[in-house]
Every structure is written in structure tokens, then in C-alpha cells.
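Taking it in order: structure first as C-alpha cells, then the write-up.
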Amino acid sequence: MDAIYKSLRSPLIDQYTDILHEQFNSYASWQPLRDKVLAFPIFPWIFVFHCVFVAVRLRPVLRGQHWLFSLFATFFACVGGGTMASVLLATPPAWLAHHLMFPAAAAVWYLSNYAPLPFDAFNRLAMFPPINALIAAFECTNRARAIFIGVDKAAAMFPASIFAALFIGTISGFGGSLVINATEKMIRGWDAAAKSELSAPAWPLRAAFYSTLAYVLLADPLRLLFAQAPFDPEDVKFAIVLASASQGVVTELFRCKPFFIRL
């Protein structure tokens, strides 16, 4: 397979790729900011805000359910993408190696569902538009970072398969939404007329696929499409994180959907 891809490469394409790569690198003034953003640890803040995003949205679905079911449904919605990707790649999920991830998710779940706060303060504060926009930015950043991790793992294990990279990256980015959708169907019933996440893909699935496709094509982590990647992989990651976070902020802060969500 690798030989087939290499035979399809055009020297002219590689030449223009080199020129584009050099021109892009000349505008590298954002590198300090890029390095800080990509080096920012997922735990605790990105993960905690991601858990808030999930818990607040699952709370109406889980109302009236047993607390143990509610807790684990929320937790697996928080770690669903990474867990599914790890199962498919036969590797241990990150939350098993980090002893604080489950307690952090449980604390957020408790604050959202059972904390004796007046006026449902935690959920009202989380849904306040400016704070909700900040939470959405961290949520979209978490999705993008999960996609990068999934694609890089798939590329290391299956270096000749673009499909593996696209599939694992997409699953890593929207697995949590799939868990939320399945939980809702389990509680409210499997109505044949109702649309599921797969029969009518919502934005999380499309965003995960678009981000994965952009990363695979522009960064070329498998080194199958180009002799040299069109862009620095770190620059591609930063651009995807920035675009994803911006989309989340615009959607939640202004209560409007950018035009590309309809794609």
C-alpha cells in the first residue's frame, strides 16, 4: 500500500508543497502562543470544563434515574471517545492511568445533580452565556486534542492505513456524543421515527470528521500523501484548536450557528 501511494506522488506536487511549506514557516510569529496552547495540559482544566459541558447537558436526560447509573453515564460520556479509541487500538485508556480523572468527573456530576446550592446555582452559572462560551471553548479544545492523540496512535500502529487514522480520530472526537445519544435512547425508548447520531449526524460528529480529515491531509502524520507534510504538524494542530474553540464561542455566546455548521 505504501508503494502505491508513493507511486502516485507527483514531483510537481512535492515541489509546490516545499514552496508552500517555506512560505508558511516565514509567518511564524505565532509559535510562542502555539507552543503554550498545545503544551497546556488536558488535566485538570480542559478535562474539568469538558465534564461541566457534558454534565449540564445530560442532567435533564438523567433526572429521576438511580444515582449510580447517572454517575457512570455522565463519566463515560466524558471519556467515551478516548475509551472507544483505546478499546479499538487495544491500549489502556488515559483515565485508568490518571487516578484523579474519575474523582474530578464525579465532583462535577455531584455539583450539577445533587449539590444543595440555592436556585440551582451551578447549572445556571454554567449556562450563563459568557461562562457557557468559555466552557464551550474548552470543550472544543478537548475534542481537537483527543483527535490528535487518536490519529497519532493510529498512525503509529497502522502506518499504511489512512482509514484507520480517519476512523480512530473521528471516534476519539465524537465518542462522548455517541454515549449521550445512546443514554437518551435507553431512557426515553428506541423510537423508530427518532433520529440517532448516526442516522442524522449532528455537528459533533461532523466537526470530529472535518477536524480529523484536516489533520490527516495537512499534517500527513502517516507520510503517505506527500514526501514532506504541507505544513508543520504543530501549526496544523494549533489552527484546528483555534478554529474549533472559535466555533464553540460564537455558537454559545451569540446563540447563532456559523455557516459551516450546515455543511
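Just so you know, all these numbers are worked out from the coordinates, no wet-lab data involved. Model, not experiment: these values are computed from the prediction. Counting neighbours? That spans all protein chains shown, and the Cβs are built from the backbone with ideal geometry, glycine included.
Just a few scattered comments:
- The 3J(HN,Hα) values that the Karplus relation (6.51, -1.76, 1.60; θ = phi - 60°) gives for region 97-107 are, in residue order, 8, 10, 6, 9, 5, 5, x, 5, 5, 5, 5 Hz. Gly and Pro appear as x.
- Mean separation of Cα contacts under 8 Å (6+ apart) over length of region 90-167, as relative contact order %: 12 percent
- Estimated FRET transfer efficiency (ALA90, ARG206; beta-carbon r; R0 25 Å; 0.05): 0.35
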